[in-house]
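What follows is calculated from the coordinates using simple rules that are stated; it is not laboratory data. Values in this document were obtained by computation on a predicted structure and should not be read as measured data. Counting neighbours? That spans all protein chains shown, and the Cβs are built from the backbone with ideal geometry, glycine included.
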Amino acid sequence: MKILLVHPSPLMHAEIFLRLEPLGLERVGQALRSAGHHLSLLDLQVLRHKDYFRELNSFRPQALGFSLNYLPNVPEVVDLAIETRRRLPGCFIFVGGHSASFIAADLIDHARGAIDCVVRGEGEAIAPRLLEHVPDGKLESLPGIVTPHGSGPPPILTTSLDEPLPARDLTRKRKKYFIGQLDPCASVEFTRGCPWDCSFCSGWTFYGRTYRKASPEAIAEDLSRVREPNVFIVDDVAFIRPDHALAVGKEIEKRGIQKQYYLETRCDVLIRNREVFSYWKRLGLKYMFLGFEAIDEEVLKLYRKRISLDDNFQALEIAQDLGIMAAINLIADPDWDEKQFQLVRQWAESVPAVVNLTVSTPYPGTETWYTESRKLTTLDYRLFDVQHAVLPTRLPLMKFYEELVKTQAVLNRKYMGLAAVRKASSIVLGHLFRGQTNFLKMIWKFNRVFNPERLHNHHFRAEEYALQPPPPAVHKPTPEELYVHLPLEKGTAHS
């Protein structure tokens, strides 16, 4: 069967800071190719809708799969599915991905018959079985499959992360993928899932709070096939298990693989496993993202981070001692006033780290979707990107965005302004020598992409598709309400 896999357009923050290769779609692509299908892959982060429709006309897929990891992409995916159904009536259209898994039935309703099914949960194992059952139409018997006629059993976890390795050859314009100064940059997965349960996060609810590891040999084999000099380790929390991290490093050393790395981790993991991060610094670890989330002890407890403010600051000191550039995230609450924004700006100016702000956003798959007592001010999917306020703001909305952007600009001045470019001139020149312009372009985009008027005006666009609001009763949800993948048996979640 001829199958086209599609990743939707970039979100607002991805217009500037990063553009990551569609690793999950590449893995699904390899699983389908191994099953004998003929594959094509389009990433609309680097291509355009005109390229998509050109591919429809030339490739004429018999099946088409959309990756839907982020809520703001829902209108785009639904509209493309409807137009595809009009142009290719016989094409089987399915949607999968992180966000799709939490709103499967709503997607079916939005598409008005254009989406044949939604795949909940991990896609590598179930995608080949799904396409095998398309001719007989018995899709509801498959785990994780939702159709207009009903739902199958709960989705199942992939038995091994060692295979399939991602089909990177399917991805076009690979020079367009980057994260900050790592330009170009590939993505690699060491582990999957998270054993913590932060109230604002949907990573642990998607995987049923499980945590699984790929073998060091499989990881090194994947890395050996990566041509880019830089690699983003996509794990939700990197290096939770020090023995695994060290084993991966030894395998990389044995193969003589030399890359520069960027990863995300928790502050307590860094404190507990300092020697592991020191070792990876020698292997090429250049940047790490630390989830601070707040500079207030009570707010950390509210988010259920299970870490103290002192530990956060200690982790920042460790990163600085190791010579690893740290980026940290703070969650801006819509209830902030001007004084709170000013306090955050002063603090961000004083710390040796890139400080990023995201806006507190309850969304399907998080516990706060059920427990947040403030009424949502919008149900427009496009605004659920952690860059817009979807809860009532204490300040007038326009003033909130003015303060938000003013605070975000601290990051721009410290690490992406002209002064920062002069300091990093050798890096910029090296990029230009290799024909890489992503990092340089992002420096000039900040004021155009992040400006109060643009953010404010987004609230007044016509709303074609709306989220189903959360249940009216404020309660702590049950695991059955939260999880996509049901938890593994006791003793296997942290294997």
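The table below lists the values:
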quantity: Isotropically averaged projected area of the range 2-151, using the convex hull of Cα atoms (one quarter of hull area), nm²; calculated: 8.0 nm²
quantity: Tail fraction, Cα-Cα pairs, the range 22-68, threshold 16 Å, whole percent; calculated: 41 percent
quantity: Computed helical MRE - 222 nm, the chain, DSSP H runs ≥ 4 contributing -39500 (n - 2.57), nearest 500; calculated: -11000 deg cm²/dmol
quantity: Under the Karplus curve 6.51 cos²θ - 1.76 cosθ + 1.60, θ = phi - 60°, whole-Hz ³J(HN,Hα) for the range 22-39, x wherever Gly or Pro sits; calculated: x, 4, x, 5, 5, 5, 4, x, 5, 4, 6, 5, 5, 7, x, 8, 9, 10
quantity: Beta bridge orientation in the chain: antiparallel %, DSSP, nearest 5; calculated: 20 percent
quantity: Cα convex hull of the chain - mean projected area over all directions, nm²; calculated: 22.3 nm²
quantity: Cα-based Kirkwood hydrodynamic radius, the range 270-325, one decimal, Å; calculated: 12.0 Å
quantity: Amide hydrogen neighbours beyond the local backbone of E293, cut-off 5 Å, H modeled; calculated: N329, L330, I331
quantity: Contact order relative to length of the range 177-480, as percent, for alpha carbon pairs under 8 angstrom and 6 or more apart; calculated: 16 percent
quantity: Added length on full extension, which subtracts the Cα-Cα distance from 0.36 nm per residue, R434 to F313; calculated: 39.8 nm
quantity: Cβ-Cβ FRET estimate between R306 and T478, R0 fixed at 22 Å, reported to 0.05; calculated: 0.55
quantity: Modelled FRET efficiency - R0 56 Å, F53 with K399, Cβ distances, 0.05 increments; calculated: 0.85
quantity: Charge sum, other residues only, whose C-beta stays under 10 Å from R394's C-beta, Lys/Arg counted +1 and Asp/Glu -1; calculated: -3
quantity: Whole-Hz couplings from phi, Karplus 6.51/-1.76/1.60, listed for the range 240-247; x for Gly and Pro; calculated: 4, 9, x, 4, 5, 4, 5, 5
quantity: Neighbourhood charge, 15 Å Cβ-Cβ cut-off, centred on G152 and excluding it, Lys, Arg +1 and Asp, Glu -1; calculated: -2
